[in-house]
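Student: Dumping the structure here so I can ask a few things about it.
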Amino acid sequence: MDRHVTFERLHNFRDLGGYRAADGRTVRWRLLYRSDSLGKLAGADRERFRSLGIRTVIDLRYPWEIDAKGRVPHGDVGAYHNLSVEHRPYDQADISPDVDPWRHLADRFAEVALDGRDELRRALEIIAEEQGPLVFHCASGKDRTGLLAAVLLGLLGVGDDDIAADFALTELATARLIADWRAAHPGRELRWPGYGRAPEDVIRLFLADLTGTYGSLRSYVTQHVGLEEKAITRLRERLLE
């Protein structure tokens, strides 16, 4: 099946189905999606989105981003949850080109994993509880979305190689993400050459850091995030076949 769902204005809408877990089962298709901002939905894109039958949206952006850029249109889904998982805003476009780009991003991911535990727990609980197709997203569908996707796939037993490969699929959208940034910021310099990039190195560094700090991804989720074991069991029952 095709992992990428094609839209005109959305660049990074993907199905998380098909990845194999350690127990031999696979993630169900057409049930769990990740995306860039659904505030861009309009016209034919909106009709395409509706055709997927998505019932629940988890929006990982700051409230001020939603105020500025919009949200999924009212009435297009049954449930909408704004869980602002990042607590230390930073401007990727203005990062110094002298820093190690992938280490820098992995360190920002570690901050989100530390600070955003309540929002991450609630997001995982919603994914476990809700019925029908669900999508989670941020602005570009890259960092906050990529972090949640990595944690979720890891809980389902998907291996690091597949998690890293899924993360890196955002690289296919990099050129369009940069074009969108330039269109929204005429006359401003894009200082950081890593803008819009999502190489495997970032998520591999993040996962290694998480394991080094907590012992395992599962320990991070149960001990720091506080997700109950019954929720993990429900996630696996709902999303694996």
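Student: For the range 56-148, give me every one of the helices (runs of 4 or more DSSP H) that falls completely inside it and has 1 or more residues that are in contact (Cβ under 8 Å) with a residue 60 or more places away in the chain, open to solvent by 50 Å² or more (accessible area, probe 1.4 Å) and closer than 19 Å to Phe13 by Cβ.
Tutor: By residue number, 63-69.
Student: Additional query: Considering only residues that are assigned to a helix (DSSP H, G or I) and in contact (Cβ under 8 Å) with a residue 40 or more places away in the chain, which ones fall in the range 180-212?
Tutor: Asp180, Trp181, Asp201, Val202, Ile203, Arg204, Leu205, Phe206, Leu207, Asp209, Leu210
Student: Here's something else I'd like to know. Residues Leu177, Leu153: which one is part of a helix (DSSP H, G or I), at pLDDT 95 or above, touching a Ser or Thr at 6+ places or on another chain (Cβ under 6 Å) and open to solvent by less than 20 Å² (accessible area, probe 1.4 Å)?
Tutor: After applying the criteria, what remains is Leu177.
Student: For the range 1-27, how many residues meet the condition of being out of contact with any strand residue (DSSP E or B) (no Cβ under 7 Å at 6 or more places or on another chain) and among the charged types (D, E, K, R)?
Tutor: 4
Student: Still on this model: Taking the range 11-50 as the search range and keeping residues that are part of a loop (DSSP other than H, G, I, E, B), of a type in the set (A, V, I, L, M) and without any contact (Cβ under 8 Å) to a residue 60 or more places away in the chain, which one is most open to solvent (accessible area, probe 1.4 Å)?
Tutor: Checked the range 11-50; the qualifying residue most open to solvent (accessible area, probe 1.4 Å) is Ala42.
Student: For the range 71-84, state whether one or more residues are touching a strand residue (DSSP E or B) at 6+ places or on another chain (Cβ under 6 Å), of a type outside the set (Phe, Trp, Tyr), closer than 23 Å to Glu228 by Cβ and modelled with pLDDT under 95.
Tutor: No.
Student: Let me ask another. Is one or more of the residues making up the range 89-99 farther than 21 Å from Ser37 by Cα and among the hydrophobic types (A, V, I, L, M, F, W, C)?
Tutor: Yes, because at least one residue in the range 89-99 is farther than 21 Å from Ser37 by Cα and among the hydrophobic types (A, V, I, L, M, F, W, C).
Student: Counting only residues that are surrounded by fewer than 17 Cβ atoms within 10 Å (Cβ to Cβ) and over 11 Å from Leu155 (Cα atoms), how many does the range 220-233 have?
Tutor: Count: 5.
Student: Determine, yes or no, whether Ala184 is of a type outside the set (D, E, K, R), surrounded by fewer than 17 Cβ atoms within 10 Å (Cβ to Cβ) and either under 23 Å from Arg34 (Cα atoms) or modelled with pLDDT under 95 (or both).
Tutor: Judged against the criteria, Ala184 is a match.
Student: Please go through the range 65-85 and give me each residue that is over 14 Å from Ser140 (Cα atoms) and not hydrophobic (A, V, I, L, M, F, W, C), ordered by number.
Tutor: The answer is Asp67, Pro73, His74, Gly75, Asp76, Gly78, Tyr80, His81, Asn82, Ser84.
Student: Okay, next question. So, in the range 169-221, exactly how many residues are of a type in the set (S, T, N, Q) and either within 16 Å of the chain's Cα centre (by Cα) or closer than 19 Å to Asn12 by Cβ (or both)?
Tutor: 2
Student: If you go through the range 158-193 one residue at a time, how many are more than 30 Å from Arg20 (Cα to Cα) and not aromatic (Phe, Trp, Tyr)?
Tutor: Within the range 158-193, residues that are more than 30 Å from Arg20 (Cα to Cα) and not aromatic (Phe, Trp, Tyr) number 14.
Student: When the range 224-241 is examined, which residues are found to be without any contact (Cβ under 8 Å) to a residue 24 or more places away in the chain and either part of a loop (DSSP other than H, G, I, E, B) or touching an Asp or Glu at 6+ places or on another chain (Cβ under 7 Å) (or both)?
Tutor: Scanning the range 224-241 gives a single hit, Glu228.
Student: Does Leu217 satisfy being surrounded by 14 or more Cβ atoms within 10 Å (Cβ to Cβ), under 26 Å from Trp29 (Cβ atoms) and touching a residue at least 60 places away in the same chain (Cβ under 8 Å)?
Tutor: yes
The values are calculated or read from the model by the stated rules, or taken from the named source; none is laboratory data. Note that the structure is a prediction, hence the values are computed from the model and not measured. As a convention, Cβ positions derive from the backbone with ideal geometry for all residues, glycine included, and neighbour counts pool all protein chains shown. Remember, those area values only see protein heavy atoms, side chains included, never the ligands or the DNA or RNA. Shrake-Rupley method; radii C 1.70, N 1.55, O 1.52, S 1.80 Å.
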